[in-house]
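Okay, so here's the structure we're looking at.
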Amino acid sequence: MDQSQSQTDSDEDKAMASLLAARRSLTSCLDRSRSLASALSRAGPHLEEIKHRLPSLEASVRPIRAPREALMEVGGHIDRAVGPAAAVLKVFDAVHGLERPLLSGDGPAEDLKGFLDVLTRLEEALKFLSDNSGLAVQWLDDIVEYLADHSLADPRFISQLTDTLSSLKSGSGTNQNLPEPLDGGLLSATLDRLQSEFCQLLSAHSNPIPLQPPENSGDTAIAIAPSPLPVPVVRKLSLILDRLAANNRLDKCVSAFVDIRGSNVLKSLEALGIDYLGSAIDDAQMLGPHVQRWGRHLEFAVKHLLESEHRVCTEVFDRRPADSAYCFSEVAAQAGILDFIKFGRTVADAKKDPIKLLRLLEIFDSLNKLRLDFNRLFGSKACADIQNRTRDLIKRVVEGACEIFGELLVQVELQRNVTPPPDGGVPRLVSFITEYCNRLLSDEYRPVLTQVLIIQRSWKQERFHERLLIEAMLNLVKALELNFETWSKGYEDPNLASLFMMNTHWHFFKHLKGTRLGDHLGDTWLREHEQYKDYYVAVFLRETWGKLPGLLSREGLMIFSGGRATARDLVKKRLKSFNEMFNEMYQTQSNWVISDKELRDKMCSLVVQAIVPVYRSYMQNYGPLVEQDASASKYAKFTAQGLEKMLGSLFQNKPKKAASFNVRHSNGKVNHAGTGLYRSTSTVK
């Protein structure tokens, strides 16, 4: 029984072990099922992806499944189309290989020649692409069309190829400019670097440098001038411009060139002080100093500054004369050449005045001296505006100068009926005209005035003889002679009229003798005026101070026939008459003037000689008769020395107000044109 029991236990153990093994097997199977389920779950999306890719894979392999004969026939066409396309792709890869040397480092600043060599390679490559990419695309398009026509490829594949080729065709087009997408903007970026290098080179070598003003110019400021460009810099700029011009990118460089060089020339002129160019003054007398500076500064600007800039433009734009001319015209305009012309126009438009004639001649002379320079520098079409404004200025200057010169005689004649100087002095009109004519006949003005008159006559198809200029001057003097003959008759006091004539005749003689005008008038004419002066001196003395000595008569005093009391009464009476007349004449003539010091000293000396010796002798002989009298001071008022001093102080010049000249215009109106020699009152003086 024990053995049986033991056998039973053994069987149960085996059954339990089997169950446990089955349990483990089922558990393992369950885990594998779960893993398989999970794997199947993960495989679903992959299968779906494969499902979507199958059509394209089918389309890709379909040409392979085409009939052998069709594949053999299309093979040659494909090879011919792919060959050019492969060449284009090879060049395109080469283009991208140039990006690093063109866009990295200092580029043109470090090695301009090497940079330009690489740029040339880029341009050649891009030209190849531009010339051949369209053809390659067209050949590929023909093959795609062939494949579509013969159903050698899937329609969707054909559609994708067609879209891609259409995009390429629209990009390449038929023009010669490579589209930006194909070179990634490499050429544009390279040209931008060249433009920057051009501006940097130009700026670095365009700094103004000190320049000493011309000798005897009157300018104390140190002038400055744009520095000339070194030859190596000019070569670099020219090389850069060549490449930019080949790519139609000159505009920015031209603009930069004008701004940089123009502003430097302007700085050079501003250093001299040219604020006066904007002056609104219309008075020729006040414009005088400005006109002189204008002439010097214009010459400096043209002969030194703009001449240098013209050379720079020619050198830099050597192979592009049109661009050179344009740049120079813009540099000149920006530097202010038109402001100089505008100032000349201001002078030409100033109030009409005899002094204005001198200013206009100075303007013309300055322009005429620069005529050849103007024609050479501003002769291009690009400088048409400067040419036109300069011609207009010259026309206005010539016409204005001739108009004033032609009206001088009329203006002198218009002064004939005005009131003469109340002090008997030389009318300012007389002194002005004599000095004015001599200035016009001087070496400074005569050649210029002659040329102006010749030009004006030539416009009218008339000839000009220089003798006409001399005759015009002589006619002015003759008109003056008639004027002061008329003026002398306007004095109520004939003695003042004699003083006036004495003054004027002497002025003519002294101030015209040895002058250009005097030489043309001749010695005979001058001597006549000297003789007239002597005549009026004699008349004046005889009718004025020459009457005083006669009042100190010795008649009845020599033998004292009537006794001492009678003699004293006669002396008192005669001294009283002398004193009264002397005081009257002295008071009157103290307001009279002898303009010339030499003539004044001579006249005072003659008066003293006529009176003082007689008075001294009379008082020495008969003065004691009244000096002991209680009323002696009433009669013995003067000493000989006192008389001499008083007479020596006569006829002195008096301070006068600023003067101007009455200018009557063709419309009948009279304007007062201020000068330092004329006066706008009712009198000539």
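The values are calculated or read from the model by the stated rules, or taken from the named source; none is laboratory data. Values in this document were obtained by computation on a predicted structure and should not be read as measured data. Cβ atoms come from the backbone with ideal geometry, glycine included; neighbour counts cover every protein chain shown. Heavy atoms of the whole protein, side chains included, go into the accessibility calculation; ligands, DNA and RNA do not. Shrake-Rupley method; radii C 1.70, N 1.55, O 1.52, S 1.80 Å.
Can you pull out every residue in region 622-633 that is surrounded by fewer than 19 Cβ atoms within 10 Å (Cβ to Cβ) and touching a residue at least 60 places away in the same chain (Cβ under 8 Å)?
D629
Hand me the list of helices (runs of 4 or more DSSP H) wholly inside region 284-402 holding 3 or more residues that are under 24 Å from L449 (Cβ atoms) and at pLDDT 90 or above.
284-300, 337-348, 354-369, 371-377
Looking at region 550-567 only, could you name the residues that are crowded, with 16+ Cβ neighbours inside 10 Å and at pLDDT 80 or above?
Result: L551, L552.
Among the residues of region 254-269, is any part of a helix (DSSP H, G or I), among the aromatic types (F, W, Y), surrounded by fewer than 19 Cβ atoms within 10 Å (Cβ to Cβ) and modelled with pLDDT of 85 or more?
no
Before we move on, is V452 buried (at least 19 other Cβ atoms within 10 Å of the Cβ), under 18 Å from F364 (Cβ atoms) and not hydroxyl-bearing (S, T, Y)?
Working: buried (at least 19 other Cβ atoms within 10 Å of the Cβ): yes; under 18 Å from F364 (Cβ atoms): yes; not hydroxyl-bearing (S, T, Y): yes.
Yes: the conditions hold for V452.
Can you find, within region 409-430, the residue that is nearest to G336 (Cα to Cα) among those that are of a type in the set (S, T, N, Q) and either buried (at least 19 other Cβ atoms within 10 Å of the Cβ) or at pLDDT 95 or above (or both)?
Q411
Name the residues in region 387-408 that are open to solvent by less than 10 Å² (accessible area, probe 1.4 Å) and farther than 20 Å from C437 by Cα, would you?
L393
Looking only at residues in region 270-295 that are closer than 17 Å to G344 by Cα and in contact with a strand residue (DSSP E or B) (Cβ under 6 Å, 6 or more places away or on another chain), which one is most open to solvent (accessible area, probe 1.4 Å)?
Checking each candidate, the answer is Q285.
In region 492-533, which residue that is open to solvent by 30 Å² or more (accessible area, probe 1.4 Å) and aromatic (F, W, Y) is nearest to L469 (Cα to Cα)?
Per the criteria, the residue is W525.
Of the numbered conditions (1) at negative phi; (2) not in a helix (DSSP H, G or I), G273 satisfies every one except a single condition; which is it?
Result: G273 passes all but (1).
Consider region 432-449. How many of its residues are open to solvent by 30 Å² or more (accessible area, probe 1.4 Å) and either among the basic types (K, R) or within 16 Å of V398 (Cβ to Cβ) (or both)?
3
Out of V614, V571, V593, report the one residue that is part of a helix (DSSP H, G or I) and either at positive phi or modelled with pLDDT of 90 or more (or both).
On inspection, the qualifying residue turns out to be V614.
So, in region 594-616, how many residues would count as being over 57 Å from the mean Cα position of the chain (by Cα) and open to solvent by 40 Å² or more (accessible area, probe 1.4 Å)? Spell out the reasoning first.
As a first pass, look at region 594-616 and keep what is over 57 Å from the mean Cα position of the chain (by Cα): 604-616.
Next cut, open to solvent by 40 Å² or more (accessible area, probe 1.4 Å) only: 605-606, 609, 613-614, 616.
So the answer is 6.
Conditions: (1) open to solvent by 80 Å² or more (accessible area, probe 1.4 Å); (2) touching a residue at least 40 places away in the same chain (Cβ under 8 Å). A479 meets all but one. Number of the miss?
So the condition that A479 fails would be (1).
Considering (1) under 30 Å from R428 (Cβ atoms); (2) over 60 Å from the mean Cα position of the chain (by Cα); (3) open to solvent by 30 Å² or more (accessible area, probe 1.4 Å), say which one N591 fails and leave the rest.
Going through the list (1) under 30 Å from R428 (Cβ atoms); (2) over 60 Å from the mean Cα position of the chain (by Cα); (3) open to solvent by 30 Å² or more (accessible area, probe 1.4 Å), N591 breaks only (2).
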